[in-house]
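Participant: Before anything else, here's the structure in question.
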Amino acid sequence: MPEGFANLEQRLAAVPPASGDLSEYQDVDDAARAVAVRQLANLRSFPAVTEHLADGRLRLRAWFYDVGPADLFEWNESKPAFELLADH
């Protein structure tokens with residue numbers, strides 16, 4: 001098995017807890033956005049991901065697609081907020 005994937009089964013078992021408690025969200029869209037942001041943190045816990053981020057071989061993005069108006073939003077970590085992507 002390739003390096004970094006030896007604990008894949010353990011990592012996959014951690015996915016539901018990585019979503020965290022969503023009971024504070026009354027709006028399903030807000031909960032989905034929160035999960036997307038939390039999953040970025042979860043992905044960064046993988047050693048291979050950390051290594052590839054550090055050397056520039058990988059960039060992570062969180063997107064949220066609002067089906068009704070067909071709007072695509074991207075997480076801006078520096079703000080922190082989702083921003084509408086104008087050219088989608």
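Participant: Can you tell me which residue in segment 59-78 is modelled with the highest pLDDT, limited to those that are under 15 Å from Asp30 (Cα atoms) and assigned to a loop (DSSP other than H, G, I, E, B)? Full working, then the answer.
Facilitator: Keep residues of segment 59-78 that are under 15 Å from Asp30 (Cα atoms), which gives 62-68, 71-75.
If we keep only those that are assigned to a loop (DSSP other than H, G, I, E, B) too, we end up with 62, 67-68.
Details: Ala62: 95, Val67: 91, Gly68: 90.
Applying the filter and picking the extreme gives Ala62.
Participant: Can you tell me which of (1) part of a loop (DSSP other than H, G, I, E, B); (2) at negative phi; (3) at pLDDT 90 or above is the one Gly56 doesn't meet?
Facilitator: Failed condition: (2).
Participant: I've got another one for you. Please work out which residue is least open to solvent (accessible area, probe 1.4 Å), limiting yourself to segment 50-76 and to residues that are within 18 Å of Ser19 (Cβ to Cβ) and among the aliphatic types (A, V, I, L, M).
Facilitator: If we take residues in segment 50-76 being within 18 Å of Ser19 (Cβ to Cβ) and among the aliphatic types (A, V, I, L, M), then Ala62 is least open to solvent (accessible area, probe 1.4 Å).
The values are calculated or read from the model by the stated rules, or taken from the named source; none is laboratory data. For clarity, every value in this text was computed on a predicted model and none was experimentally measured. So basically every Cβ, Gly included, is an ideal-geometry build from the backbone, and we count neighbours across all protein chains shown. Keep in mind that these areas ignore ligands, DNA and RNA; they rest on the heavy atoms of the full protein, side chains included. Shrake-Rupley method; radii C 1.70, N 1.55, O 1.52, S 1.80 Å.
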